[in-house]
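Okay, so here's the structure we're looking at.
The values are calculated or read from the model by the stated rules, or taken from the named source; none is laboratory data. Please read these numbers as outputs of a predicted model, since none were measured by experiment. Reconstructed Cβ throughout: ideal geometry from the backbone, glycine too, with neighbour counts over all protein chains shown.
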Amino acid sequence: MEEFNILSLLIILAGAWLGGTSAKRLGYPPILGELVIGIILGPALLGLLETSEMISVLAEVGIILLMVYIGIEINFRDLGKASWPGLLAAIGGFIVPFGMGYYTIIFFGGTDLAALFVAIAVGVTSLATKSRILVDLKLLNTRIAYVLMAGALISDTLALVIFAGMLSFVDVGSIDTLGLVWVAGKAILFFAFTALSGYFLLPLLGRLLSENNIKNRTFHFTLILIIVFGFCELAELAGLHSILGAFMAGLFIRDGVFNRQISKEINDIFHDISIGFLAPIFFVSAGFHVTLEVFQTNLLMLITVVLVAMVGKIVGTALFYLPSGYGWREGVTVGTGMNGRGAVEIIIAGIGLEMGIISTEIFSILVFMAIFTTLSVPVFLTWTTNWLRKRGELIHQESRKGILILGANPLGLYLAGHIKDQEEITFVDSNRELVEEARQRGFESVHGNILKEETMETARAFEKGSFIALTGNNEINLLAAQLAHDAFFIPKNIVLFAPQDEGAGVEVLDRIKASSMFASKTELGPWIFKIKSGDYSEDTEEVKQVTTTRNWVKKHKSGKGKILPVLIIDPEGHKRPFHYHDEIQPEEKVLFLH
């Protein structure tokens, strides 16, 4: 039996961390850095490492857990945000490069099965590639972002379904019609059984655990691993690959099966174990199989595959996007965003290499194709979105709407009074009198403890786009924002900080990507008194040059009198809360109290 080589594992993990971190700092997904490190350390260049039985086993477990995490990340409710345009983008961005990739390999003398593997890899779109880029380009609240996300989810799912169908026939050869029916039947039975288990048996299991008050995280994690590997074994018995079983398991354990907080913690564990430990081993070791000889022997095929992947994805997306009614320019922009490849493509290519369906040369071409196309995404997407922005065609679209405000005090009611025509406001407070006053003013208001999930559910936190904590208790504000972020996935969290706790909670704010209300520490009591007594003035100031909210506060605190910046008003009259992580653009106004 092969000796367990600790040094090789240490070098792989250290190299994966270095490559992944470097890629991430440049705005690219870590797997690109991990692949490059594998190419550098592997036989292609330095020859320090090569694949082994130990590495292969860890890599196999890594892709299984990664596919579970990918399945967990696919929320079918999210697909409804841009279902029609996202579906069009996914179909066009998959079918056109799929067909072009297939005939490219046939043209260069490849087999039908090799052509199918390349076609799937060319048609795939990476979801992970986009998240960081969308944040950097400030596109998360645009229609482009939702279409890209929906398109990537549909595209990856479509690729895996076709991959499953292809695997069913890989070993069939010249079997008679009855044999073909049996192979197809096993695959259909697998998907039917896993789907029924996911819809009925797993929720039943979750209810049993809840009724017996079993909330041990380790127990849940072990149980989910048993479910995952059970699904993987079923896939293997059906003649499919284990990653399909892992993917199906991830789809159905996402949420709604186990306790919500437990599910969130388990999801984080899968993220850390797969993306932080085992999956990098797979991607680094994938680089060991890459040969640089393709730049000499198969350069024309490499260039052709890369061009087919890029042109097919952009043109296919733009053409199929036309029926959405959003225009060909937005279709081209979506196509440039969907041009990157990632985890699913490399996994499928790796399986093809392992099964002997594609050669080392074709595998190397697919790896370089993934690298080159992904490198193009920020460049092309920046250019096309700026193009739309200049033409006034970049459409903003919020998926989750409404604001949940903790604290139905006079300051909270004042803020809500200004933005109620633009956003649906819901208050939560433990004081019945304040709750009743908010209701009398026409606001939906919930009485209860904000730190209990039941209270958040009653306030429909799952539908809200923002959470604002406006109590005088820093600890309650922080804990409530953390619950809103971790359990209810509210994307924007804003917290009021009182000045009494110096430095308190900054690390929590960073972890949940929250911002401080009013961009500075604020004593709540005096402003509540001022508003309640009417002893305040309201003014606005137009900004001439772009500035951060923090700099605006610093500039005005040096002047006479104490002020409280409450809202930012854009030229169209849209108002948003004044908080730390924001910029004020020229011609926007700051509404402040003094």
Q) Mind checking which residues of segment 307-329 are surrounded by fewer than 20 Cβ atoms within 10 Å (Cβ to Cβ) and hydrophobic (A, V, I, L, M, F, W, C)? A) 307, 311, 315, 319, 322, 328
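Report whether or not residue 303 is closer than 30 Å to residue 365 by Cβ and surrounded by fewer than 18 Cβ atoms within 10 Å (Cβ to Cβ). Write out each step before concluding.
Working: closer than 30 Å to residue 365 by Cβ: yes; surrounded by fewer than 18 Cβ atoms within 10 Å (Cβ to Cβ): yes.
The answer is yes for residue 303.
May I ask you to list the residues in segment 21-62 that are among the small types (Gly, Ala, Ser) and crowded, with 19+ Cβ neighbours inside 10 Å?
Once the filter is applied, which keeps residues that are among the small types (Gly, Ala, Ser) and crowded, with 19+ Cβ neighbours inside 10 Å, segment 21-62 yields 23, 33, 38, 42, 59, 62.
Here's the yes/no breakdown for (1) at pLDDT 85 or above; (2) assigned by TED's automatic domain parsing to the domain that holds residue 313; (3) touching a Gly at 6+ places or on another chain (Cβ under 6 Å):
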| residue | (1), (2), (3) |
| --- | --- |
| 372 | yes, yes, no |
| 377 | no, yes, yes |
| 380 | yes, yes, no |
| 397 | no, no, no |
| 409 | yes, no, no |
| 414 | yes, no, no |
| 418 | yes, no, no |
| 424 | yes, no, yes |
| 432 | yes, no, no |
Q) Do you know which residues across segment 28-58 are closer than 13 Å to residue 371 by Cα and outside any helix (DSSP H, G or I)? A) 28, 29
Q: Would you mind stating whether residue 357 is under 23 Å from the mean Cα position of the chain (by Cα), closer than 30 Å to residue 239 by Cβ and touching a residue at least 40 places away in the same chain (Cβ under 8 Å)?
A: no
(Q) List the helices (runs of 4 or more DSSP H) inside segment 274-356, counting only whole elements, that have at least 3 residues being more than 24 Å from residue 71 (Cα to Cα). (A) 294-297, 299-321, 328-337
Q) Is one or more of the residues making up segment 262-277 assigned by TED's automatic domain parsing to the domain that holds residue 364, over 30 Å from residue 55 (Cβ atoms) and touching an Asp or Glu at 6+ places or on another chain (Cβ under 7 Å)? A) yes
Q) Does segment 240-252 contain at least one residue that is assigned by TED's automatic domain parsing to the domain that holds residue 205 and surrounded by fewer than 19 Cβ atoms within 10 Å (Cβ to Cβ)? A) no
(Q) Looking only at segment 411-441, how many residues end up being without any contact (Cβ under 8 Å) to a residue 24 or more places away in the chain and among the hydroxyl-bearing types (Ser, Thr, Tyr)? (A) 1
Q: State all residues of segment 99-115 that are surrounded by fewer than 24 Cβ atoms within 10 Å (Cβ to Cβ) and either assigned to a helix (DSSP H, G or I) or of a type in the set (S, T, N, Q) (or both); if no residue qualifies, say none.
A: 99, 100, 102, 103, 104, 106, 107, 111, 112, 113, 114, 115
Q) Do the conditions hold for residue 489, that is, is it modelled with pLDDT of 90 or more and assigned by TED's automatic domain parsing to the domain that holds residue 419? A) no
